[in-house]
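Below is one structure, written out as structure tokens; the observations come after it.
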Amino acid sequence: MADRSGIFAGDNPFEIARRWLAEAEPEELNDPNAIALATVDADGLPNARMVLLKDIEDAAFVFYTNYGSAKARELDGAGKAAFVMHWKSLRRQVRVRGLVSREDGPQADDYYASRSLKSRLGAWASHQSQPLASRATLMAEVARVTAQHGTSPKRPPFWGGFRVTPVEIEFWADGAFRLHDRFVWRRETPGAEWQIDRLSP
Ligand SMILES: Cc1cc2nc3c(=O)[nH]c(=O)nc-3n(C[C@H](O)[C@H](O)[C@H](O)COP(=O)(O)O)c2cc1C
């Protein structure tokens, strides 16, 4: 793309995503790595919620959650997801669509181990997306798992990562008078070559 330069420079979309996130980190009030994750349920009804992006790898994006949650059911069921990152401070967004697989091996163990003890125990205590009788019930469950697992809990088998391997990544930056810049990387399958296009705003 002859006219793709500045913040859009480079042919590797994962490097651009990493660069934009690094630029957002000192600017955002909190959670610069927050993404709005979209899934579809078994009836095709879309669903969306925020999660925190924990890794931009060489070929995929990784976040962590509870495998019993609504989102996990939808991710496992469809095998596909989309997400968007928006930085109000930079007036930029990144959109991703792709295929989903679980990350429930050593990488998930390492990430789990890096979390605070309270967060690790919280993961054991929360039956995410299930009805909960009261806050007190949750706190009682926290006390129970704390007594059971002590100070070095293992990663719960029902908690881990998901990896989104994109077939589409779009970078958007605010322009004067709504004449924004958009560039999209698209490919038929994760193994195929990227096709890069500028899109009308
Ligand atoms: C800024 C922000 C970050 C969040 N990060 C996560 C996350 O990394 N993992 C997660 O499971 N839930 C996270 N949540 C909570 C989810 O938005 C959601 O409430 C929860 O995962 C249950 O979603 P589900 O019922 O669709 O599975 C976050 C919420 C917010 C507002």
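Every number in this text was worked out from the coordinates using simple rules, so none of it is lab data. Just so it is clear, the model here is predicted, and its values are computed rather than measured. Note that we place each Cβ from the backbone using ideal geometry, even for glycine, and neighbour counts take in every protein chain shown.
Below are the figures for this structure:
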{"read-out": "Separation of alpha-carbon centers, the range 25-58 and the range 134-181, rounded to whole Å", "value": "9 Å"}
{"read-out": "Computed label-point distance, nm, for sites residue 179 and residue 154 using a 7 Å Cα→Cβ extension", "value": "6.1 nm"}
{"read-out": "Sites residue 196 and residue 22, calculated FRET efficiency, Cβ-Cβ separation with R0 30 Å, nearest 0.05", "value": "0.90"}
{"read-out": "Whole-number percent relative contact order across the range 93-201, with pairs defined as alpha carbons under 8 Å at least 6 apart", "value": "33 percent"}
{"read-out": "The range 1-156 - charge dipole about Cα centre, Lys and Arg +1 at Cβ, Asp and Glu -1, debye rounded to 20", "value": "480 debye"}
{"read-out": "When the chain is reduced to its Cα atoms, the Kirkwood hydrodynamic radius in Å", "value": "18.5 Å"}
{"read-out": "Compactness of the range 72-141 as Cα Rg over 2.2 N^0.38 Å, two decimals", "value": "1.49"}
{"read-out": "Mean separation of Cα contacts under 8 Å, 6 or more apart, over the residue count of the chain: relative contact order %", "value": "20 percent"}
{"read-out": "Residues with amide H under 5 Å from that of residue 180, placed H, sequence gap 5 or more", "value": "175"}
{"read-out": "Most mobile listed residue (133, 22, 59) in the chain, GNM with C-alpha springs under 10 Å", "value": "133"}
{"read-out": "Which of 80, 88, 71 has the fewest Cβ neighbours within 10 Å, and the rest in rising order", "value": "88, 80, 71"}
{"read-out": "For the range 156-172, 3J(HN,Hα) per residue [Karplus equation, 6.51 cos²θ - 1.76 cosθ + 1.60, θ = phi - 60°, Hz, x = Gly/Pro]", "value": "x, x, 9, 9, x, x, 10, 10, 9, 9, x, 10, 8, 9, 10, 10, 10"}
{"read-out": "Hz values of 3J(HN,Hα) by residue in the range 42-57 - Karplus curve (6.51, -1.76, 1.60), Gly and Pro given as x", "value": "4, 8, x, 7, x, 9, 8, 6, 7, 9, 9, 6, 9, 8, 10, 8"}
